[in-house]
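Just so it is clear, none of the values below were taken in a lab; they were calculated from the coordinates. Because the structure is a prediction, the values reported are computed rather than measured. All Cβ positions, glycine included, derive from the backbone under ideal geometry; neighbour counts span all protein chains shown.
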Amino acid sequence: MLVETVIASFITYLLMLLAYFWYEKRVFHVSVMSSIVVFDLCMPFYLYATRDWKTRLIDDGDILSFGVWTHFGLIITLYILYLIQIMAGMDLLKNKEAARTEHKAVAKGILLIRALVIISGALLIQPEIVQPELIQP
């Protein structure tokens with residue numbers, strides 16, 4: 001089931017919030033945020049390696065669902081925001097103070113979009129089907 005991936009994503013989201021508010025601890029902030037970006041980039045590979053997507057998306061027809069495409073669009077948006085954020089963060093590390101406003105604004109967008117990615121991913125969880133012969137009266 002995908003529940004463990006949603007729980008892991010939620011825990012990393014809480015860690016991201018902590019790093020967001022604790023930005024003055026630069027080493028902590030940069031290392032946590034970088035780690036979460038890597039986590040989010042690796043998650044599709046993990047899901048591809050551990051799930052039967054052909055059955056779910058093709059055979060069951062979920063590839064045409066609004067939820068799947070919404071989730072996919074949010075993930076692409078998140079990756080684009082990560083790219084913009086990394087460029088602004090690198091400018092900040094080079095002491096270009098003009099990038100601070102952009103970095104803060106993009107950070108708020110990342111927090112919002114990442115929350116929506118986690119929620120939309122949770123909504124896509126397929127419950128396990130309990131077979132009637134396994135239910136004991």
Checklist outcome for this item: Expressed as a whole-number percentage, the relative contact order of segment 9-137 with C-alpha contacts under 8 angstrom and at least six residues apart is 25 percent
Checklist entry - Roughly how many nanometres apart are two label points built 7 Å out from the Cα toward the Cβ at Leu64 and Gln126? => result 1.6 nm
Checklist entry - With r defined as the distance between the Cβ atoms of Ile84 and Lys25 and R0 fixed at 22 Å, what FRET efficiency is calculated, to the nearest 0.05? => result 0.45
Next on the checklist: Number of Lys pairs in segment 3-126 with C-alpha atoms less than 17 angstrom apart, excluding same-chain neighbours closer than eight positions?
Outcome noted: 4
Checklist entry - Okay, helix-only estimate at 222 nm for the chain: each DSSP H run of n ≥ 4 adds -39500 (n - 2.57), divide by all residues, round to 500 deg cm²/dmol; what do you get? => result -25000 deg cm²/dmol
Checklist entry - Taking the C-alpha atoms of segment 3-126, how large are the radius of gyration and the largest Cα-Cα span, Dmax, in Å? => result 16.1, 53
Checklist entry - Among Met87, Val38, Thr77, whose Cα lies farthest out toward the positive end of the dipole of the chain, if unit charges sit on the beta carbon of Lys, Arg (+1) and Asp, Glu (-1)? => result Met87
Checklist entry - What is the magnitude of the charge dipole of the chain about its Cα centre, with +1 placed on the Cβ of each Lys and Arg, -1 on the Cβ of each Asp and Glu, and no other charges, expressed in debye to the nearest 20? => result 760 debye
Checklist outcome for this item: Out of Thr12, Ile58, Ile125 - ranked by how far each Cα lies towards the positive end of the dipole of the chain, with unit charges on the beta-carbon of charged residues - the top one is Thr12
Checklist entry - Rounded, prolate or oblate: which fits segment 1-50 when a ≥ b ≥ c are the square roots of the eigenvalues of the alpha-carbon gyration tensor, with rounded for a/c under 1.5 and prolate only if a/b beats b/c? => result oblate
